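First the structure, in the form of structure tokens, and then the observations on it.
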Amino acid sequence: MVIVAPSMLSADFSKLGDELKHITEAGADWAHLDVMDGMFVPNITIGPLVIEALRPHSDIVFDVHLMIQDPIRYVDQFSSAGADYITVHVEADGDIDGAIKRIRELGKHPGISLNPDTPVSAIEPFLDKVDLVLVMTVQPGFGGQKFRENGPEKISEIRRMADATGRKILISVDGGINRDTGRRCHEAGVDVLAAGSYLFKQKDMAAEIAIWKEF
Ligand code: DX5
Ligand code: ZN
């Protein structure tokens with residue numbers, strides 16, 4: 001069954017604790033938490049302090065997506081703040097291999113993410129070290145953008161590569177996910193659907209999540 005990870009980027013930031021409870025009660029499996037530094041991407045969002053403040057509000061899995069340069073500087077802080085999965089970008093500056101190793105040492109699940117224009121081959125060297133591959137289907141930085149159509153093909157290719165390792169690697173997709181694109185990504189082999197604007201604009205998020213779990 002698909003794992004549904006609403007992206008808190010589309011929540012009302014003035015009441016993030018309540019919004020986290022809302023997605024938990026709606027049947028979300030994970031909370032997708034977008035961290036942006038104004039350098040790797042043009043936008044700035046939240047840091048470890050906000051994640052730490054959210055942690056007591058739900059037992060849901062915290063899926064932390066680091067859109068930051070030189071991420072190794074901050075993985076210890078995000079781990080202490082309560083992250084379960086910590087995903088870094090293959091395009092980011094700094095020691096990405098070291099960041100993944102450190103996330104593992106901290107007892108958390110490391111993930112690697114790639115942008116829409118980054119070839120699948122870029123993540124190949126990391127496949128035997130990560131628990132998650134996050135496929136971006138928009139250029140990261142902002143919610144509400146249009147799904148990039150090369151997503152499902154990349155997902156199929158990564159599915160084959162991940163399965164060939166013999167290890168359990170989850171594939172997640174992020175950007176422009178709605179009922180239609182989510183279903184297509186699931187058919188291509190995705191395990192996790194991270195979705196912001198589409199899920200948060202639903203009057204009945206629980207009903208929508210229930211439909212996704214029937215894919
Ligand atoms: C974008 C973020 C996404 C964002 C997706 O850079 O990584 O997680 O919340 O938003 P939607 O689902 O609206 O494309
Ligand atoms: Zn994200």
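Is there a residue in the stretch 12-19 that is surrounded by fewer than 17 Cβ atoms within 10 Å (Cβ to Cβ), of a type in the set (Phe, Trp, Tyr) and within 16 Å of ligand 2 (Cβ to nearest atom)? Yes: one or more hits. Counting only residues that are away from ligand 1 (no atom under 15 Å from the Cβ), within 15 Å of His22 (Cβ to Cβ) and part of a helix (DSSP H, G or I), the stretch 180-209 holds 2 of them. Quick one: is Ile177 of a type in the set (Val, Ile, Thr), crowded, with 22+ Cβ neighbours inside 10 Å and part of a loop (DSSP other than H, G, I, E, B)? So Ile177 passes the test.
Taking the criterion of being open to solvent by 30 Å² or more (accessible area, probe 1.4 Å), of a type outside the set (Val, Ile, Thr) and touching a Phe, Trp or Tyr at 6+ places or on another chain (Cβ under 9 Å), the residues of the stretch 55-69 that qualify are Arg55, Gln69. The set of residues from the stretch 59-105 being touching a helix residue (DSSP H, G or I) at 6+ places or on another chain (Cβ under 7 Å) and at positive phi comprises Gly82, Gly94. Residues in the stretch 180-215 that are of a type in the set (A, V, I, L, M) and buried (at least 17 other Cβ atoms within 10 Å of the Cβ): Ala188, Val190, Val192, Leu193, Ala194, Ala195, Leu199, Met205, Ile209. Listed conditions (1) open to solvent by 40 Å² or more (accessible area, probe 1.4 Å); (2) outside any loop (DSSP other than H, G, I, E, B); (3) out of contact with any Gly (no Cβ under 7 Å at 6 or more places or on another chain) are all met by Glu52, apart from (3). Does Ser80 satisfy being out of contact with any strand residue (DSSP E or B) (no Cβ under 9 Å at 6 or more places or on another chain), closer than 17 Å to Ile51 by Cα, of a type in the set (Ser, Thr, Tyr) and without any contact (Cβ under 8 Å) to a residue 60 or more places away in the chain? Against the criterion (out of contact with any strand residue (DSSP E or B) (no Cβ under 9 Å at 6 or more places or on another chain), closer than 17 Å to Ile51 by Cα, of a type in the set (Ser, Thr, Tyr) and without any contact (Cβ under 8 Å) to a residue 60 or more places away in the chain), Ser80 qualifies. There is at least one residue in the stretch 6-29 that is of a type outside the set (S, T, N, Q), assigned to a helix (DSSP H, G or I) and within 12 Å of ligand 1 (Cβ to nearest atom). Against the list (1) assigned to a loop (DSSP other than H, G, I, E, B); (2) touching a helix residue (DSSP H, G or I) at 6+ places or on another chain (Cβ under 6 Å), the condition Ile171 fails is (1). Among the residues of the stretch 22-67, count how many are more than 16 Å from ligand 2 (Cβ to nearest atom) and under 19 Å from Pro116 (Cα atoms). The number of residues fulfilling the criteria is 1. Look at the stretch 169-189: where a residue is over 28 Å from Pro125 (Cβ atoms) and among the polar types (S, T, N, Q) and a partner is assigned to a helix (DSSP H, G or I) and near ligand 1 (Cβ under 10 Å from one of its atoms), sitting 6+ places away or on another chain with Cβ atoms under 6 Å, you get Asn178/Tyr198.
The values are calculated or read from the model by the stated rules, or taken from the named source; none is laboratory data. Everything numeric here is computed off the predicted structure, so don't read it as measured data. Because the Cβ atoms are built from the backbone with ideal geometry, glycine has one as well, and the counts that use them run over all protein chains shown. Areas reflect the complete protein model, heavy atoms only, side chains present, ligands, DNA and RNA absent. Shrake-Rupley method; radii C 1.70, N 1.55, O 1.52, S 1.80 Å.
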